[in-house]
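The values are calculated or read from the model by the stated rules, or taken from the named source; none is laboratory data. Quick caveat, the model's predicted, so the values are computed rather than measured. Here Cβ is always computed from backbone atoms with ideal geometry, including for glycine, and neighbour counts include all displayed protein chains.
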């Protein structure tokens, strides 16, 4: 009797905890005017708030500048040690700087590091002019890259994010840009975690408030202007899961850090990255018309990896969609449909359904016997 009571108590605790967790996820919010949280390897959105609203991105713009510079390095168009001559336009830049001097020769490596660590506006102009001759031409390249990456609510007028009409990004576009930048150029995380940078005998410190404060944080870019407010693209890696957070237009530095920490923690505490379907897993069997065997086993082609609320695996719905009925002969590996996995109406992933066995056509007399048996309902 006592054992049964203990089991009931444990069951009630589990039910209560699950319900509380679900309620906490549903009611979560932060103070930023616009925000998004995604898991990097899948691109899955974990949280969003006004994520498609175009907004001034301030220095977050520099992620695109760095993307193009790193692309050029990878293609061999420039080298890390190449020297750039600083122009007067670069020297005149306001805001955060490396404090470049007119006519000074600076390496590409120092310029990229200066943009990454101290968000140097003058370094952005130098990179833009060196690669494309002018900042206007560089901005056109930024917009082409945005289109290539599928950014639908972004437009660039300059390389550094200083206020300009028709210069904007959405939180979703920023998250996609950050995800693609990390995937294409993982070196960016090494650059963004450099804690201090000295140039022209001037020591400056990394502006990212998450570094050394939030577990696993290793990027990515802060931003601020009067119109943009305080912004931050953050990323952290915990338990082999990378989250990317974007917060736009918070009121001050403290609120920016608080919102970013809350957003990342919401992801890591409430979600897990899981393999919800394994390649070659048996899905079931399908009938085969005129086959030597009446049915054939069918399997999933690929792994499906998704980010799901912790403890929700049993709630995942598996929906097969078949493209045709099977008629012998059929060959192992034939694609016969798609398996879709969803949770609460949201698609988590899909994979092709494959036949897992050859099935030859049955002989004439076997087919005749089955036909006759069918007439008698057997």
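Some points to look at:
- Test for residue 215: is it assigned by TED's automatic domain parsing to the domain that holds residue 265 and free of Cβ contacts under 8 Å to residues at least 40 places away in the same chain: yes
- Output for the range 265-320, where each listed residue is within 18 Å of the chain's Cα centre (by Cα) and over 27 Å from residue 215 (Cα atoms): 304
- Here residue 181 does not qualify as more than 17 Å from the chain's Cα centre (by Cα) and assigned by TED's automatic domain parsing to the domain that holds residue 259.
- Output for the range 195-212, where each listed residue is in a loop (DSSP other than H, G, I, E, B) and either in contact with a strand residue (DSSP E or B) (Cβ under 9 Å, 6 or more places away or on another chain) or not assigned by TED's automatic domain parsing to the domain that holds residue 256 (or both): 195, 206, 207, 208, 209, 210, 211
- One residue stands out in the range 161-194 among those that are in contact with a helix residue (DSSP H, G or I) (Cβ under 8 Å, 6 or more places away or on another chain) and assigned to a loop (DSSP other than H, G, I, E, B): the one that is surrounded by the most Cβ atoms within 10 Å (Cβ to Cβ), namely 161.
- Across the range 249-268, the qualifying residues are those that are surrounded by fewer than 14 Cβ atoms within 10 Å (Cβ to Cβ) and without any contact (Cβ under 8 Å) to a residue 40 or more places away in the chain, and the one among them that is farthest from residue 231 (Cα to Cα) is 254.
- Residue list for the range 105-122, filter: surrounded by 23 or more Cβ atoms within 10 Å (Cβ to Cβ) and either modelled with pLDDT under 95 or not in a helix (DSSP H, G or I) (or both): 106, 119, 120
To keep it simple, each residue is scored yes or no on (1) more than 30 Å from residue 44 (Cβ to Cβ); (2) modelled with pLDDT under 95; (3) over 22 Å from the mean Cα position of the chain (by Cα).
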position	(1), (2), (3)
323	no, yes, yes
333	no, no, yes
340	no, no, no
343	no, no, no
349	no, no, no
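- Residues of the range 77-84 include none that is touching a residue at least 40 places away in the same chain (Cβ under 8 Å), within 17 Å of residue 186 (Cα to Cα) and surrounded by 17 or more Cβ atoms within 10 Å (Cβ to Cβ).
- Which numbered condition residue 126 fails, given (1) over 29 Å from residue 37 (Cβ atoms); (2) outside any helix (DSSP H, G or I); (3) touching a strand residue (DSSP E or B) at 6+ places or on another chain (Cβ under 6 Å): (2)
- Apart from one condition, residue 243 fits all of (1) in a helix (DSSP H, G or I); (2) buried (at least 19 other Cβ atoms within 10 Å of the Cβ); the exception is (1).
- Flag if residue 210 is under 22 Å from residue 38 (Cα atoms) and modelled with pLDDT of 95 or more: yes
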